[in-house]
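**Student:** Please read through the structure below; I'll follow up with questions.
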Amino acid sequence: MFYNHENPTQKSIYDNKILVVDDAMLNRELITSFLKGTGYQNVATAVDGEDALHQLKQYDIDLVILDLLMPNVDGTEVIKKVRTDARLKQLPILVQTAISDPEERAEAWKYGATDIITKPIHKLELLARVKVHLENSFLIGTLENYQKIADHEVAKALELQKSLLPSEDFLKQLGEKHHISIDSIFIPSRFLSGDIWGLYELDPGRILVWICDFSGKGISASLYTLRLHTLIAEHRHKLKDPSTLIHLVNTKLFEMVNEGHFCTFLAGVVDLNRMKFDYLSASATHPIVYHPFEKSYSLGDGAGLPLGITKEVTYPLKTLDLKPGDNLILYSDLMWEDQGTIPDMSFLPEELPGLIHRLNGQSLIEMAKDKIRESAEPAFSDDLTLIEIAIKPGRS
């Protein structure tokens, strides 16, 4: 099909196939002559509704000009059947009728007619209506194709973004080596995420973990996560403590992000030799150490200036105590910004006592997964990241 760059629909619509449906031969010939005289050469005819339905099954039709009153199967029945066919739901149906009764004409609209013109047919009106509906159909089809392509590309981008996160196999191997278990939830709010996290072993018994949340949502925020992942991967051999990591990221982000953009960031070391979590926070959420056996928790401090705003900033080292059986919980700010995200699971400081009581020793991340499953396809107002590092009770 040829597309005119100045008006891409102008030439393409004349290649469309039009089906003229009327039991009166004179009407079929008259409408066909109007169309072909204007440049529509791909015109077919049907003698009644039954013939029309047969042709609609056999051929790709782009527009139907349909009489209402016909023997065998009338026009209203044709409209009903067409609109129940998923393949033909968007097919333009231009009804031509001598019926003047508003209720009769309303029936055609009710069942899915695209437009109605009154007999006797006026040539200019017919051609104008045909052109408008073919152009609309062309534009809708073009938009749908773009949407399919965009959806496919975004899906591939999301898979790439997920591939940057620690894999299940890696987490399992790391967990078995250190007698811990690591689990996570990662759900973008719209197509792609501005959240990212990672972890790796510094040396025996010490694991560095970080979690980042870029301002904004969608594609623009997700591009920053890709650049951040690349940055950390390139310098990983130098990043032996959370202070080095957070200062590197802040310096590079200050140069990299557009004005008005920033990220919250938390970097810490799970030190299983000392049973401490040593961390630095750049306006991140409060880390939580959950004590399932005691049905209690310890709350960390997330204060600090977000990264990417200024180079001249220091971040003090903070520490949380750990013991066998404890679970370290890190998470994105959705868990306290939107209390309805996961029912009954807000991490706001004032809500935590009630949540810990309801958990009654249960795994926090397992409860979150159960509630998300119960919600079918939850719609989140922001990206959700939730990480749980559980120190197994038997660990010495």
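What follows draws every value from the coordinates through simple rules; no lab data is involved. As the structure is a computational prediction, the values presented were derived from the model and not from experiment. Every residue, glycine as well, gets a Cβ built from its backbone with ideal geometry; the counts of neighbours run over all protein chains shown.
**Student:** Could you grab the relative contact order for the chain? Cα pairs under 8 Å, six or more apart, rounded to a whole percent. List each step's numbers first, then the result.
**Tutor:** Values: 688 pairs, mean separation 47.9, N = 396.
RCO, the chain: 12 percent.
**Student:** Now a separate question. How long are the semi-axes of the equivalent ellipsoid of segment 287-396, defined as square roots of 5 times the Cα gyration tensor eigenvalues? Whole Å, largest first. The partial results should precede the final answer.
**Tutor:** Details: eigenvalues 116, 93, 28 Å².
Over the Cα atoms of segment 287-396, the ellipsoid semi-axes are 24, 22, 12 Å.
**Student:** Of the listed values (1) 1.02; (2) 1.49; (3) 1.19, grab the one calculated as Cα Rg over 2.2 N^0.38 Å from the structure here.
**Tutor:** So the calculated entry is the one marked (2).
**Student:** Between Leu299 and Tyr14, what FRET efficiency comes out of the Förster formula 1/(1 + (r/R0)^6) with R0 = 56 Å and r the beta carbon distance, rounded to 0.05?
**Tutor:** Efficiency, from the Cβ-Cβ distance: 0.20.
**Student:** Give, in nm to one decimal, the length gained when the segment between His54 and Met25 is fully stretched (0.36 nm per residue of separation minus the Cα-Cα distance).
**Tutor:** 8.6 nm
**Student:** Taking only Cα atoms, what is the 0 to 90° angle, nearest 10, from helix 123-163's long axis to the longest principal axis of the chain?
**Tutor:** Result, in degrees: 20.
**Student:** Would you please give the residues with an amide H less than 5 Å from that of Ala46, counting only those at least 5 places away or on a separate chain, with H modeled from the backbone geometry?
**Tutor:** Val20, Val21, Asp22
**Student:** Continuing with this model, one more query. Can you give the FRET efficiency to the nearest 0.05 for Met256 and Gln173, using r as the Cβ-Cβ distance and R₀ = 30 Å?
**Tutor:** 0.40
**Student:** What are the residues whose amide H is under 5 Å from the amide H of Tyr297, where those residues sit 5 or more places off or on another chain and H is modelled from the backbone?
**Tutor:** So Tyr297 has HN proximity to His291.
**Student:** Set the Förster radius R0 to 22 Å, insert the Cβ-Cβ distance between Ile185 and Ser243 as r into 1/(1 + (r/R0)^6), and round the FRET efficiency to 0.05.
**Tutor:** 0.20
**Student:** Can you give me the P(r) profile for segment 164-391? Cα pairs, bins 5 angstrom wide beginning at 0, each as a whole percent.
**Tutor:** Percent of pairs per bin, in order: 1, 7, 15, 19, 21, 18, 12, 6, 1, 0.
**Student:** Let me ask something else. Straight distance only, please: which lysines reach the Cα of Lys318 with their own Cα at less than 16 Å, same-chain residues fewer than 8 apart left out?
**Tutor:** Lys276
**Student:** Can I ask one more? Taking the Cα atoms only, what angle lies between the long axis of helix 242-256 and the longest principal axis of the chain, rounded to 10 degrees?
**Tutor:** Here the helix axis deviates by roughly 40 degrees.
**Student:** Next question, about the same structure. Considering the convex hull of the alpha carbon atoms of segment 238-316, report its projected area averaged over all viewing directions, in nm², one decimal.
**Tutor:** So the Cα hull casts an average projection of 6.2 nm².
**Student:** At 7 Å along Cα-to-Cβ for each site, give me the label-to-label distance between Leu223 and Lys323 in nm.
**Tutor:** Distance between label points: 5.0 nm.
**Student:** If you split all Cα-Cα distances of segment 67-192 into 10 Å bins from zero, what percentages do you get per bin, shortest first?
**Tutor:** Result returned by the calculation: 10, 25, 19, 12, 12, 10, 8, 4, 1.
**Student:** Find how much the distance from Lys369 to Leu160 grows on full extension, using 0.36 nm per residue of separation minus their present alpha carbon separation; answer in nm with one decimal.
**Tutor:** Gain on stretching Lys369 to Leu160: 72.9 nm.
**Student:** Continuing with this model, one more query. Using 0.36 nm per residue of separation minus the Cα-Cα distance, give me the extension gain between Lys131 and Asn145 in nm, one decimal.
**Tutor:** Length gained, Lys131 through Asn145: 2.9 nm.
**Student:** Under a point spin-label approximation (7 Å from Cα along Cα-to-Cβ), what is the Ala98-Thr314 distance to one decimal in nm?
**Tutor:** Distance between the two pseudo-spin positions: 9.5 nm.
**Student:** Scan the chain and hand back the longest stretch that contains none of the chymotrypsin sites (Phe, Trp or Tyr not before Pro) lying in DSSP loops with at most 14 other Cβ atoms within 10 Å.
**Tutor:** 60-292
**Student:** Output ³J(HN,Hα) for segment 321-333: one whole-Hz value per residue in order, computed from phi by the Karplus curve 6.51 cos²θ - 1.76 cosθ + 1.60 with θ = phi - 60°, and x for Gly and Pro.
**Tutor:** These are the phi-based 3J(HN,Hα) values: 7, 10, 8, x, x, 6, 10, 8, 10, 10, 6, 7, 6 Hz.
**Student:** Turning to a different aspect of this structure: Mind checking which lysines have their Cα closer than 20 Å to the Cα of Lys148? Skip sequence neighbours fewer than 8 apart in that chain.
**Tutor:** Lys89, Lys156
**Student:** Something else about it: To the nearest 500 deg cm²/dmol, what mean residue ellipticity at 222 nm is calculated for the chain from DSSP H runs of n ≥ 4 alone, each contributing -39,500 (n - 2.57), summed and divided by the residues?
**Tutor:** Helix contribution divided over all residues of the chain: -12500 deg cm²/dmol.
**Student:** Now, a different point. Give me the angle, in degrees from 0 to 90, between the Cα long axis of helix 364-374 and the longest principal axis of the Cα atoms of the chain, rounded to the nearest 10.
**Tutor:** 10
**Student:** Measure up Lys323/Lys369; Lys162/Lys369; Lys295/Lys392; Lys36/Lys131 against 20 Å on the Cα-Cα distance and list the ones that go over.
**Tutor:** From Lys323/Lys369; Lys162/Lys369; Lys295/Lys392; Lys36/Lys131, over 20 Å: Lys323/Lys369.
**Student:** Give the aspartates and glutamates whose C-alpha is closer than 15 Å to that of Lys177, dropping any in the same chain fewer than 8 places away, or say none.
**Tutor:** By straight Cα distance, Lys177 reaches Glu168, Asp169, Glu201, Asp203, Asp271.
**Student:** Which whole-number percent gives the relative contact order of segment 8-153, counting Cα pairs below 8 Å spaced six or more residues apart?
**Tutor:** Here the relative contact order equals 22 percent.
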